[in-house]
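Everything on this sheet refers to the single structure shown next.
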Amino acid sequence: MPKKTTNRKMDLERDLEEIAKPTIKDGPRDQLYVPASSSLSKIAFTFIGLAVILIIGIFYFSYSYTTIIVTPNPQAETFETEVPISLPLAKTDGPLDEIRSIVDSWTKNNPDTLFVETVEVTIEGEEKYAPSGEGDSKKEPGIAHGKITVINKQSTAQELIARTRFEPEGSPEGGNDVFRIKNGVTVPANGKIEVEIFADEPGEAGNLGPSKFYLPGFSSEAKRKMVYAESQAPMTGGVKEIKILSQADIDTARPQLAQKLFNQALVELEEKIKNAKTPEDNNENDRLPAEGEEEPKGEKPAIFTENARLLPKATWQEVIETSTVEKIGAEVEEFTLKMKLQVTAFVFDEAELLGIVKNNVTKELANKKTSKLHSIAEESLDYNVKNYDFQKSTAQLAVSISGTAMPESATSFDEKDLADLTNDTIKVYLRKHPEIKSIEIKESISWARKIPFLKNHVRVKVNQP
């Protein structure tokens, strides 16, 4: 029996040896390598580490998001809009003390249309103008004239009679550049006096520059040095230009006279509104005529509210008639232009217009969906009348106003430009955009230090102050 047990043990050892043999059959026996237990542990930990990194990467790319919260700066803009205006009460019947309620009701039903009343005045005037001379003209001799200062260095006053002669120094004797004073004067002792002189003879020779004059009537050379004259400005008028009146001269003068009459009309209109009755002043007997009823003679009853005022920018002017006293082609030094001008002014509350403009701008920006109204500079409100139809009593105001708009979306940059940037570089990038006031970066993973490189993992939100 013991012998049999020993044989089994030997057989088991041979089987284990066969199993442990190298796969290379021809290799030497001493090449057999059986891994130690510490090497197996390292391999296992390596595989586990790679698996953990893979899981973290999958988690990062699945759940890593960066939210960039942008607070924009208001952007300066000039807004332009048109506001229709109307006169809905032109045919309204009833007591004038109900006008206020009628206006309020009409305004609610027409929020985008400005209710106005009109007031008009016709004014006539004339003004003298000089032709430009750009057309035909001719020259002829004239009398030069100017001013001199007579200086008296004597201790006694010096009397100068009418037509006393003055000649410029250096003038040849007997020349035609002699000047005279028109009336007699007295020059005080050790004093001076300014007088006007005229050339003795017509012609261009009288057009002198600033000069020093002596009095040839004084025989004493010493006295000529004590009493003399000087001019600071040139003498002019030695040649007179006769100009020919042209249509261009009239066309140039017309807007000048129109502006002058317009300014006068504004004064009259202001006075007219000031003296007009308001609804509070009216009684039951004061009413607008019913349709088909004959209007009362004289001035139309006013329906202005107490806050109504004339706005010069909201006016309409029409030149009814122009004429000149002189005919085109006449030789004239000046001509007289006559004009009749009608000025119609719209009377309304500017605050009401401002409210409509704000609503219009807000709607227009909402339709664009890029920004919204932030502020309005009320003092910049500017407008003028266009498309005025007197028969239909309708018109439009072309309005412009300055203000600021707040961007509602981050349209100035693309999220793909922000991908794979660090928090510091993203701030530098965004500072290049002046429309951005401040930024805040929020990471979904607190330890992330870099913006995800995937575009759809970067979210930009606009914070409206």
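The values are calculated or read from the model by the stated rules, or taken from the named source; none is laboratory data. From a predicted model like this one, the values you see are computed outputs, not experimental measurements. Cβ coordinates were reconstructed from backbone atoms using ideal geometry, including for glycine residues, and neighbour counts include every protein chain displayed. Just so you know, the surface numbers come from the protein's heavy atoms only, side chains and all, with ligands and any DNA or RNA stripped out. Shrake-Rupley method; radii C 1.70, N 1.55, O 1.52, S 1.80 Å.
What is the set of long-range amide H partners of F348 at a cut-off below 5 Å, with H atoms built 1.01 Å from backbone N?
Placed amide hydrogens put R309, L311 under 5 Å from F348.
In sequence order, what are the phi-derived ³J(HN,Hα) couplings for region 311-321 according to the Karplus relation 6.51 cos²θ - 1.76 cosθ + 1.60 with θ = phi - 60°, rounded to whole Hz, with x for glycine and proline?
Computed from phi, the couplings for region 311-321 are 10, x, 6, 9, 10, 9, 10, 9, 7, 7, 7 Hz.
Pairs K212/K240; K139/K225; K182/K212; K139/K327: which are spaced more than 28 Å apart, C-alpha to C-alpha? Spell out each step's value before the answer.
Details: K212/K240 25 Å; K139/K225 39 Å; K182/K212 19 Å; K139/K327 20 Å.
Over 28 Å Cα-Cα: K139/K225.
So if we plug the beta-carbon distance of N275 and K368 into 1/(1 + (r/R0)^6) with R0 = 45 Å, what FRET efficiency do we get, rounded to 0.05?
E(calc), rounded to 0.05, equals 0.45.
List the residues whose amide H sits under 5 Å from the amide H of N207, counting only those 5 or more places along or on another chain, with H placed 1.01 Å from N in the peptide plane.
G238
At 1.4 Å probe size, what's the solvent-accessible area of V185? Round to the nearest 10 Å².
Solvent-accessible area, nearest 10 Å²: 30 Å².
Full-extension gain between A76 and N384, please, as 0.36 nm times their residue separation minus the C-alpha to C-alpha distance. Please list the in-between numbers first.
On the way: separation 308, 0.36 × 308 = 110.88 nm, distance 2.26 nm.
Between A76 and N384, full extension yields 108.6 nm more.
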